[in-house]
Amino acid sequence: MKAEVFRVQLRHTWTTTMSSSAYRDVLYTRFTRDGITGWGEGAPIVRYNETAAQGAQTLAQMTDFFARANPRQYTKLLADFAKRVPGQYAMKAAVDIACFDWLGQRLGIPVHQIFGLDPADAPVTTFSIGIDSPEVTRAKVREAAAYPVLKVKVGLSTDEATIEAVRAETKKPLRVDANEGWKTKEEAVRKINWLEKQGVELIEQPLPAAMLDDMNWIRQRIHIPVIADEACLHPEDIPKLAPHFDGVNVKVDKCGGLLEALRMIQIAKSLGLKTMLGCMVSSSVAITAAAQLSPLVDYADLDGNLLISNDPCSGVKVVAGKLSLPTRPGLGLIRT
Ligand code: MG
């Protein structure tokens with residue numbers, strides 16, 4: 001298992017309530033056995049106190065573990081690995097993905113087939129519009145003409161101007177992500193009631209993750225589903241969130257891999273929650289991996305690779321807005 005830090009360059013400076021950046025460092029992994037190499041990627045972010053450099057350092061110390069590990073017994077392998085290394089979920093995602101890519105290639109089947117899924121069930125993906133001036137926002141919306149549903153980032157003082165700029169360009173359905181940006185329940189209700197009138201179909205993480213008790217007060221006063229993102233990192237979070245949200249945004253980088261993401265999707269469904277598969281800014285390795293599970297979810301927001309300009313490979317495509325999974329073995333990646 002080899003690890004390497006790679007810097008992805010954003011097409012537009014990427015701004016959310018959390019940060020503003022022109023690039024992001026992701027962690028690539030390569031697992032080689034029997035002449036086959038599986039690729040993995042994890043995208044650590046500051047919100048969760050993880051870095052790619054830390055992940056590479058940890059993996060450099062685990063050479064013996066992976067030399068002895070059996071990737072055919074991936075459930076055991078990933079559980080043993082998680083026991084040895086606390087935290088670092090994006091790094092764990094890179095390990096999990098490399099194992100699945102390897103196994104799929106070894107078995108000669110795409111990863112979605114390992115999970116028994118039908119690629120025809122893959123949903124439409126949203127395309128994300130980061131926070132910017134009204135002029136740049138309008139230009140971004142025009143560039144996103146190929147995507148039938150947009151996800152717009154808000155949560156700063158410019159929310160109304162942002163949505164008005166989007167609406168000046170398009171009537172498409174919008175999903176809105178506040179990234180914990182609103183600080184009181186009253187502010188959240190005021191903003192959401194206004195967004196409802198602008199044709200917004202769902203709202204993600206309106207309040208800081210810790211403000212769980214205010215969520216039902218909000219939900220009694222609004223008419224669109226509320227999805228938890230920053231409040232929902234791991235499988236054990238979901239039962240606590242179920243009474244307070246309508247759905248959860250599952251990300252491979254938050255939970256530590258496809259196997260954990262699958263568990264989260266199943267737990268969320270069993271509790272009657274809507275499910276979204278989201279992503280970080282990352283390349284086609286991570287996005288194609290997450291897309292393998294997309295036939296299971298209600299909403300996909302798998303566009304991290306579309307936001308960068310130096311993607312070293314291609315995999316999942318977006319065709320008429322819908323995710324189109326490669327039919328090649330493993331993740332089905334091609335180096336570009
Ligand atoms: Mg989000």
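The values are calculated or read from the model by the stated rules, or taken from the named source; none is laboratory data. Worth saying up front: this structure is predicted, and the values here are computed from it rather than measured. Please note: Cβ atoms are built from the backbone with ideal geometry, for glycine as well, and neighbour counts cover all protein chains shown. Ligands, DNA and RNA are stripped out before the accessible areas are found, and what is left, the full protein with its side chains, is counted by its heavy atoms. Shrake-Rupley method; radii C 1.70, N 1.55, O 1.52, S 1.80 Å.
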Debye calculation, C-alpha points only, no solvent: report log10 I(q)/I(0) for the chain at q = 0.12 Å⁻¹, in the same order as the q values. -0.80
What list of ³J(HN,Hα) values in whole Hz, one per residue of segment 296-302 in order, does the Karplus curve 6.51 cos²θ - 1.76 cosθ + 1.60 (θ = phi - 60°) give from phi, with Gly and Pro shown as x? 8, 10, 6, 10, 10, 10, 10
What does the charge dipole of the chain about its Cα centre add up to, to the nearest 20 debye, if the Cβ of each Lys and Arg holds +1 and the Cβ of each Asp and Glu holds -1? 600
How much of the accessible area of the chain, probe 1.4 Å, is carbon plus sulfur, in whole percent? 51
For an R0 of 51 angstrom, estimate the FRET efficiency from the Cβ-Cβ distance between GLU135 and ASN70 and round to the nearest 0.05. 0.40
Environment charge at VAL250 (Cβ cut-off 10 Å; Lys +1, Arg +1, Asp -1, Glu -1): +1
Phi-based couplings in Hz for segment 61-66 (Karplus 6.51, -1.76, 1.60; Gly and Pro marked x): 8, 10, 4, 5, 4, 6
Helix-derived [θ] at 222 nm for the chain: sum -39500 (n - 2.57) over DSSP H runs of at least 4, divide by residue count, nearest 500? -10000 deg cm²/dmol
Protection proxy ranking, peptides 286-298, 36-48, 133-145, average beta carbon neighbours within 10 Å, highest first: 286-298, 36-48, 133-145
Please list, ordered by chain and number, the residues whose modelled amide H lies under 5 Å from the amide H of ASP177; skip anything fewer than 5 residues away on the same chain. VAL152, LYS153, VAL154, GLU204
Folded to 0 to 90 degrees: helix 258-270 orientation relative to the chain principal axis, Cα: 50
Over the chain, what is the relative contact order in percent, taking alpha-carbon pairs closer than 8 angstrom and at least six residues apart? 20
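Write down the accessible area per residue of the chain in Å², having rolled a 1.4 Å probe over the full set of protein chains.
40
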Quick tally, 1.4 Å probe accessible area for LYS171, LYS183, sorted with the most first, runs LYS171, LYS183
Per-residue ³J(HN,Hα) for segment 146-162, Karplus 6.51 cos²θ - 1.76 cosθ + 1.60, θ = phi - 60°, Hz, x for Gly and Pro: 6, 9, x, 10, 10, 10, 9, 7, 9, x, 10, 6, 9, 3, 5, 4, 4
Along the charge dipole of the chain, pointing to its positive end and built from +1/-1 on Cβ of Lys, Arg, Asp and Glu, which listed residue (GLN220, VAL189, VAL111) has its Cα farthest out? VAL111
